[in-house]
Amino acid sequence: MAKRNSFSIACWRVNPVPAVRRSFTLIDTSTALYGVFGDPVAHSLGPAMHNQAFARAGLNAVYLAFRVRDLAGAMAGVRGLPMAGVSITIPHKVPVMEYLDEIDPEARAIGAVNTVVNRDGHLMGYNTDSRGALKALGEKIDPVGKTAAVIGAGGAARAIGYGLVKIGARVLIFNRTPEKGRTLARSLGAEFHGLADLAGLRPDIVINTTPVGMAPARDAMVVDPSGLAPAAVVMDIVYNPVETAFLKAARAAGCRVVDGLTMFVHQGAAQFELWTGRKASLNVMRRAALQGLELLGGRFHA
Ligand code: NAP
């Protein structure tokens, strides 16, 4: 990919954001096109984060958000335009798999793709959610040999549970709908438990993978973490707000906490590295994602 100059200007908004610095890359006939496919996608932090990362790396590339309802048409566009790479989000992470030429074994095992790389017309699918979560957790604890409680049994729980089992953690699944929880636990080789048992099982790690606590319902908690052992590391993958009520209560109980933005940035950095072959700047990406959140002004983020 060709290198080029980028420049930045300061943009001022009256309310609610005081001052935001934005970088713009000059666009020309050799600009590489990346984007996110989802529905809804209006509040995605991907454009803020990836465009800043491209600009910082001096890459001639741009990343846009596409609200995609016709996935077959959009994927034909990836080949036809062509686009260099795509992030895939709700509700396309599973259906996108049928439009790819090859799927990375980890994404195949997880059963979902959140990253597409276009290598000279060969579309390859990856899942960076598992890697992102493990990297984020790894900033506070080494999960190998630890007991990890995963709350939720959706796509994110599957990706995170898969990663934890693979590196040798003992995984406990907790879910509102027991049948879904049991099914996930069985497929991962994990255990299923009711939420009431959480504190008594004294997990080393607790991860909320449900959307509970996401703006605008900022005060909601999937479970009260105040009975957890203070030595526990508590992670929430919700990132709007960055410090959820769940994390605030866990911190008050003496636990170390990991916020969902840290996972979001790590999974985005893994995408950047797959697309460009270059190391991503985590600091630049986190700052850009925080600015994107500020611009959302606490509005609902899916
Ligand atoms: P999903 O497949 O829809 O699964 C959601 C899970 O949450 C289900 O197990 C559901 O339980 C549970 N749940 C939903 N509402 C609940 C409630 N009120 N009380 C208790 N449990 C509830 O969603 P997903 O794809 O896993 O995503 C989950 C969240 O993670 C979203 O907020 C998403 O934005 C976020 N996420 C963050 C990152 C990151 O990088 N930080 C990455 C991926 C996803 P039932 O089975 O009972 O319905």
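The values are calculated or read from the model by the stated rules, or taken from the named source; none is laboratory data. These numbers come from a predicted model, not from an experiment. As a convention, Cβ positions derive from the backbone with ideal geometry for all residues, glycine included, and neighbour counts pool all protein chains shown.
So that you can scan it fast, the table gives a plain yes or no per residue for (1) of a type in the set (Lys, Arg); (2) in the same structural domain as residue 187 (by TED's automatic domain parsing); (3) in contact with a Ser or Thr (Cβ under 7 Å, 6 or more places away or on another chain); (4) surrounded by fewer than 16 Cβ atoms within 10 Å (Cβ to Cβ):
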site	(1), (2), (3), (4)
62	no, no, yes, no
73	no, no, no, yes
96	no, no, no, no
118	no, no, no, no
141	no, yes, no, no
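Restricting to region 201-212, count the residues that are buried (at least 22 other Cβ atoms within 10 Å of the Cβ) and within 9 Å of the ligand (Cβ to nearest atom). If you could, list the steps in order and put the result at the bottom.
Here is the first cut: in region 201-212, the ones buried (at least 22 other Cβ atoms within 10 Å of the Cβ) are 203, 205-210.
Among the residues that remain, those that are also within 9 Å of the ligand (Cβ to nearest atom) are: 208-210.
Number of matching residues: 3.
Taken over region 42-57, residues that are at pLDDT 95 or above and not in a helix (DSSP H, G or I) amount to 1.
Could you list all residues from region 252-266 that are part of a helix (DSSP H, G or I) and either assigned by TED's automatic domain parsing to the domain that holds residue 289 or closer than 30 Å to residue 127 by Cα (or both)?
Here is the first cut: in region 252-266, the ones part of a helix (DSSP H, G or I) are 252, 260-266.
Listed by number, the residues that qualify are 260, 261, 262, 263, 264, 265, 266.
Looking at region 118-125, is at least one residue within 27 Å of residue 27 (Cα to Cα), of a type in the set (Gly, Ala, Ser) and modelled with pLDDT under 95? Among the residues of region 118-125, not one is within 27 Å of residue 27 (Cα to Cα), of a type in the set (Gly, Ala, Ser) and modelled with pLDDT under 95, which makes the answer no. Taking the listed residues 156, 72, the one that is among the small types (Gly, Ala, Ser), farther than 18 Å from residue 211 by Cα and in a helix (DSSP H, G or I) is 72, with no other qualifying. Could you list all residues from region 128-153 that are over 22 Å from residue 199 (Cβ atoms) and either free of Cβ contacts under 8 Å to residues at least 12 places away in the same chain or part of a loop (DSSP other than H, G, I, E, B) (or both)? Across region 128-153, the qualifying residues are 128, 138, 139, 142, 144.
Could you please find all residues in region 107-119 being within 14 Å of residue 270 (Cα to Cα) and under 16 Å from the mean Cα position of the chain (by Cα)? Steps first, answer last, please.
Let us first name the residues in region 107-119 that are within 14 Å of residue 270 (Cα to Cα), namely 107, 113-117.
107, 113, 114, 115, 116, listed by residue number.
On inspection, residue 166 qualifies as charged (D, E, K, R), at pLDDT 95 or above and over 21 Å from residue 255 (Cα atoms). Within region 243-259, is there a residue that is at pLDDT 95 or above, closer than 21 Å to residue 87 by Cβ and away from the ligand (no atom under 12 Å from the Cβ)? Checking region 243-259: not a single residue is at pLDDT 95 or above, closer than 21 Å to residue 87 by Cβ and away from the ligand (no atom under 12 Å from the Cβ). A single member of 245, 220, 229, 250 is surrounded by 23 or more Cβ atoms within 10 Å (Cβ to Cβ) and over 21 Å from residue 158 (Cα atoms), and it is 250. Just so you know, in region 78-103 the residues that are in a strand (DSSP E or B) and in contact with a Leu (Cβ under 8 Å, 6 or more places away or on another chain) include one that is nearest to residue 120 (Cα to Cα), and it is 85. Selection of region 216-227 for residues being closer than 21 Å to residue 133 by Cα and within 13 Å of the ligand (Cβ to nearest atom) yields 221, 222, 223. When restricted to residues that are within 16 Å of the ligand (Cβ to nearest atom) and buried (at least 23 other Cβ atoms within 10 Å of the Cβ), region 270-286 contains 4. Return a yes/no flag: does region 178-200 have any residue that is among the β-branched types (Val, Ile, Thr) and either touching a residue at least 60 places away in the same chain (Cβ under 8 Å) or near the ligand (Cβ under 9 Å from one of its atoms) (or both). Taking every residue of region 178-200 in turn, none turns out to be among the β-branched types (Val, Ile, Thr) and either touching a residue at least 60 places away in the same chain (Cβ under 8 Å) or near the ligand (Cβ under 9 Å from one of its atoms) (or both).
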